[in-house]
Every structure is written in C-alpha cells, then in structure tokens.
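Working notes, structure below.
The values are calculated or read from the model by the stated rules, or taken from the named source; none is laboratory data. Keep in mind that what you see is a predicted model, and the values were worked out from it rather than measured. As a convention, Cβ positions derive from the backbone with ideal geometry for all residues, glycine included, and neighbour counts pool all protein chains shown.
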Amino acid sequence: MWPPNNSEFVNNMRSEIFLPAPFMQDRGEAELGPVYEMRIYTYAPGDIPAVIEKWSEHIEEREKYSPLVGAWYSELGGLNTWIHMWAYQSYDQRAQVRAETRAKGVWPPPGGIAPLHQENKLLLPMSFSPLQ
C-alpha cells in the first residue's frame, strides 16, 4: 500500500512547490561536490522577479568560480522564497570562492535586493547519493 503508514514517525510536515530559475542549465551527468551549500532566502513580496533579473545578468561570471547546482523560487507553500545550491570541492574551496567573489565584486550580484531572512546549510551527500 502506498504511501506507507508512517504517521507515527512524522512530527511535522511542510509541503512546498518550487520552480527552476529560467537561467538554470541542465548539468546532465556532471560530477559536482562533494560539498554543497544551500541558501534559502525570504524576500519581500514582489522581489523575486528582480532577484531573477539580477542573477540572470551575473550568473555566468559567478559560475566561473564554482558551479550552480540549482536555483529555485517558490510557487506554492512559503511564498517569496528563493533557494540556491552551489557545489564545492571542499570547505576550504567554498571559503576561498566566497572571499574572492566578494573582493572582486562578482557576487552577490551588484545592485541586488537584500533578503528579509536567510538560512545557510552545508551539505554532504550520503555514500549512495549520485551527488557524491
């Protein structure tokens, strides 16, 4: 029977639907990582189109430093949410890329819009993950 009865294990559940940013590229079978950074931003209502526009103008230069795994914006659920994920070879490379792109004015996109709230997560895929 699907879905299995797992209600005894669920303490909290939140469902959201996200759409890919129009500038995202299909990575195919690219080898990325194994360190990933996911950032989750909440913007003021109406800001997401301007965020997409600024990112579209600057993403090509930013990806010269590390690949964008994906960028998505909320369609349903928690609205005004923007999620992006980057791949790095190590924690040290992440720190180096962040410092260098800031120092050179490459990233965050110049003239961008500040989020109201931000969360960062550093992720390591399990040994069986294709993102390993």
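Here are a few things to note about the model shown:
- Some residue of the stretch 24-31 being at pLDDT 95 or above and under 25 Å from PRO125 (Cα atoms): no
- Considering the stretch 106-128, and only residues there that are loosely packed, with under 11 Cβ neighbours inside 10 Å and of a type in the set (Gly, Ala, Ser), the residue that is nearest to the chain's Cα centre (by Cα) turns out to be ALA114.
- Selection of the stretch 23-45 for residues being under 14 Å from the mean Cα position of the chain (by Cα) and under 15 Å from TYR73 (Cα atoms) yields PHE23, MET24, MET38, ARG39, ILE40, TYR41, THR42.
- Of all residues making up the stretch 26-51, the number that are closer than 30 Å to SER90 by Cβ and either outside any loop (DSSP other than H, G, I, E, B) or in contact (Cβ under 8 Å) with a residue 40 or more places away in the chain (or both): 13
- Scanning the stretch 37-66 for residues that are more than 13 Å from PRO22 (Cα to Cα), surrounded by 15 or more Cβ atoms within 10 Å (Cβ to Cβ) and not aromatic (Phe, Trp, Tyr) returns GLU37, MET38, ARG39, ILE40, THR42, ASP47, HIS58, ARG62, SER66.
- Odd one out for ILE113 among (1) touching a strand residue (DSSP E or B) at 6+ places or on another chain (Cβ under 8 Å); (2) more than 16 Å from GLU61 (Cβ to Cβ): (1)
- Hey, ILE83 closer than 21 Å to LEU131 by Cα and either modelled with pLDDT of 95 or more or small (Gly, Ala, Ser) (or both) or not: yes
- Hey, GLU53 under 17 Å from PRO115 (Cβ atoms), among the acidic types (Asp, Glu) and touching a Ser or Thr at 6+ places or on another chain (Cβ under 7 Å) or not: no
- Looking only at the stretch 67-100, and only at residues there that are in a helix (DSSP H, G or I), of a type outside the set (Ser, Thr, Tyr) and in contact (Cβ under 8 Å) with a residue 40 or more places away in the chain, the one that is surrounded by the most Cβ atoms within 10 Å (Cβ to Cβ): ARG94
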